[in-house]
Structure formats: structure tokens, C-alpha cells
1. Based on this model, can you work out whether Lys85 counts as over 30 Å from Leu45 (Cβ atoms) and touching a helix residue (DSSP H, G or I) at 6+ places or on another chain (Cβ under 9 Å)?
2. Just to be sure I understand the filter: pairs with C-beta atoms under 7 Å, separated by 6 or more residues or on different chains, first member in region 63-84 and small (Gly, Ala, Ser), second member in a helix (DSSP H, G or I). Which pairs pass?
3. Just a yes or no: is a residue in region 170-178 modelled with pLDDT of 90 or more, within 27 Å of His127 (Cβ to Cβ) and surrounded by fewer than 12 Cβ atoms within 10 Å (Cβ to Cβ)?
4. Report the residue count in region 77-114 for those that are of a type in the set (S, T, N, Q) and more than 21 Å from the chain's Cα centre (by Cα).
5. Looking only at region 146-169, count how many residues are outside any helix (DSSP H, G or I) and either crowded, with 19+ Cβ neighbours inside 10 Å or touching a Lys or Arg at 6+ places or on another chain (Cβ under 9 Å) (or both).
6. Identify, from the list Leu37, Leu94, the residue that is closer than 23 Å to Leu114 by Cα and at pLDDT below 95.
Amino acid sequence: ESLLSFVSTKWGVCTTLNNRLCILREALSLSEEECLLLFAKLPCLLSHEPGRLERMLSFLKECGISRDAVLKDPWVFRHRESLMKSRAERCKSLGVPVRTWLLRCPENVLERHLQLWRASRRALGAHPDTPKYLADRLRCVHLEELVRRHPRLLSIRPPKLKEVLDLLFSSGYSAEQVCLSPRVLSSSVSRLRRRLQWLATRNMPLPSLYTLGLSEKAFDRAYRKMVDDGRYHHEQRLAPSCPTEDRT
């Protein structure tokens, strides 16, 4: 039997422990044993001023932070209330979901996250999220099939998705071709731009997006073979697994 467990059973011996144990049990739906383990991990929960624990739990709930998130990152209780409230207000003003790590991370990490969020919102425009943005720009009815074929698709940051799609469409590729080769959206923008410029200066037809996204050595081999064989044009058809909407 642990010392905390022994003390907690002796009502009146440690009023502070028992009071805060009751607060945690009610707020986070924890067993007595789970509360004691939390106290052992974070002794500061017992040394803070009276009322702070209740204020913190209420604050985190108002921020929309779930019980599970609090239990996964209980170190948030160690940080200053004023700082966390200020950060929560900054996040809410931008529409950024409040997370425990945002409330306690270094200032430069928070600022970087907010910058990325603003850039993502600018890239998405009127679209609420990445799936709807891709479905609209690719005119793809069943986006799930593209994600199944390329699981990383939805993890690509919106600014990069926009930059790649803008580059491909302005170079002459179609939404249907991107649906056929969605992996190209993960490619380096600078590498794609460099290859397209190289092709344009030599008046060479566009390759398939599969070829355009190859590694450097594979791309060089593919183009040497195409030049040797006199084949410059690769016909692409729309992938039957990704039907598109008729916008005519």
C-alpha cells in the first residue's frame, strides 16, 4: 500500500489530499487509485493554492479540451494560469483548436503553429477543410479512393497542396490526370517546377504525372529512353475508380 493511498484513507489526516482527490474524481471520472497515481506524477497538484485545481479544470473544459487529452498531458497543470488564458484567447481569435501542448509549449513553437494555421486557412479559402478543398479542385466525387491509394494525401499541408495544384494546372495538366496519379501531390514543389521549366525550354511535351514525380535518376532514365525511342507523348485516361462531376 502506497503512502498516498494510506493517507487518503485516513479522513482528517490530510484534508488537502482528500479535497483534491474528490475534485479530480468528479471532474475527470477517475477512480481513487487513478487520482493517487496522478498526484504521484504531479505533486504540484497538492502544493498549489486552494481553488487553483478547480479553476484549471473549468478553464480546460471551457477551451474544449477533452478528459482524455488532459490525462494524456497532465503537465499543463504546472504552468501559469495567466499565460495559458492569454494563449487560449490568441488561439480562439484565429479559430485555432486549443490543445494542451499549445498552452505550455515555448513561445516560438506557438507562434510557428499559428503562422502555419493562418497559411492553411488562406490556402483553403472558402473550403472548411482539406478533403472538401481537394474534392472541389479535383472535381472528384469519391475522394476516399484517392486517399486509399495515397494515405498521406490528407496530411499534406494546404499551402503545399495549393502550390502544387496551381503549378500543375497552369502547366497544362488536368484534374483527371492528378486523380490518376495523386502521389505527385507529395512531390517537392521546387523539383516539379524545375523539371517543368527544363521541359519547356526544350519544347518537349509533358510527361505523365507518374514520370514527372519520379526520383532524379529514374526521371533521367525515363526521359533518355523516351528520346531514344522517339516517344514524347503519354496518353492518360481518367482512373475509373475516381469518377468526376460533369461541370459542363
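The values are calculated or read from the model by the stated rules, or taken from the named source; none is laboratory data. Note that the structure is predicted; figures quoted are calculated from it, not measured. All Cβ positions, even for glycine, are placed from backbone atoms using ideal geometry, and neighbour counts span all protein chains on display.
1. Working: over 30 Å from Leu45 (Cβ atoms): no; touching a helix residue (DSSP H, G or I) at 6+ places or on another chain (Cβ under 9 Å): yes.
No, not satisfied.
2. Every condition considered, the pairs that remain are Ala69/Thr100.
3. Going through region 170-178, the residues modelled with pLDDT of 90 or more turn out to be 170-178.
Narrowing further to those that are within 27 Å of His127 (Cβ to Cβ): 170-178.
Narrowing further to those that are surrounded by fewer than 12 Cβ atoms within 10 Å (Cβ to Cβ): 170, 172.
Within region 170-178, one or more residues are modelled with pLDDT of 90 or more, within 27 Å of His127 (Cβ to Cβ) and surrounded by fewer than 12 Cβ atoms within 10 Å (Cβ to Cβ).
4. Here is the first cut: in region 77-114, the ones of a type in the set (S, T, N, Q) are 82, 86, 93, 100, 108.
Narrowing further to those that are more than 21 Å from the chain's Cα centre (by Cα): 82, 86.
Count: 2.
5. Initial filter on region 146-169 (outside any helix (DSSP H, G or I)): 150, 156-157.
With the extra rule that they be either crowded, with 19+ Cβ neighbours inside 10 Å or touching a Lys or Arg at 6+ places or on another chain (Cβ under 9 Å) (or both), the set shrinks to 150.
Within region 146-169, residues that are outside any helix (DSSP H, G or I) and either crowded, with 19+ Cβ neighbours inside 10 Å or touching a Lys or Arg at 6+ places or on another chain (Cβ under 9 Å) (or both) number 1.
6. Values: Leu37 fails: closer than 23 Å to Leu114 by Cα.
From the options Leu37, Leu94, the qualifying one is Leu94.
Residues checked against (1) of a type in the set (A, V, I, L, M); (2) at pLDDT below 95; (3) farther than 30 Å from Ser181 by Cβ; (4) out of contact with any strand residue (DSSP E or B) (no Cβ under 9 Å at 6 or more places or on another chain):
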| position | (1), (2), (3), (4) |
| --- | --- |
| Ile65 | yes, no, yes, yes |
| His113 | no, no, yes, yes |
| Asp129 | no, yes, no, yes |
| Arg148 | no, yes, no, yes |
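Yes or no, residue by residue, for (1) free of Cβ contacts under 8 Å to residues at least 40 places away in the same chain; (2) within 30 Å of Arg90 (Cα to Cα); (3) under 20 Å from the mean Cα position of the chain (by Cα):
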{"position": "Asp129", "(1), (2), (3)": "yes, yes, yes"}
{"position": "Ala135", "(1), (2), (3)": "yes, no, yes"}
{"position": "Leu146", "(1), (2), (3)": "no, no, yes"}
{"position": "Ser155", "(1), (2), (3)": "yes, yes, yes"}
{"position": "Leu161", "(1), (2), (3)": "yes, yes, yes"}
{"position": "Ser174", "(1), (2), (3)": "yes, no, no"}
{"position": "Val189", "(1), (2), (3)": "yes, no, yes"}
{"position": "Arg195", "(1), (2), (3)": "yes, no, no"}
{"position": "Met204", "(1), (2), (3)": "yes, no, no"}
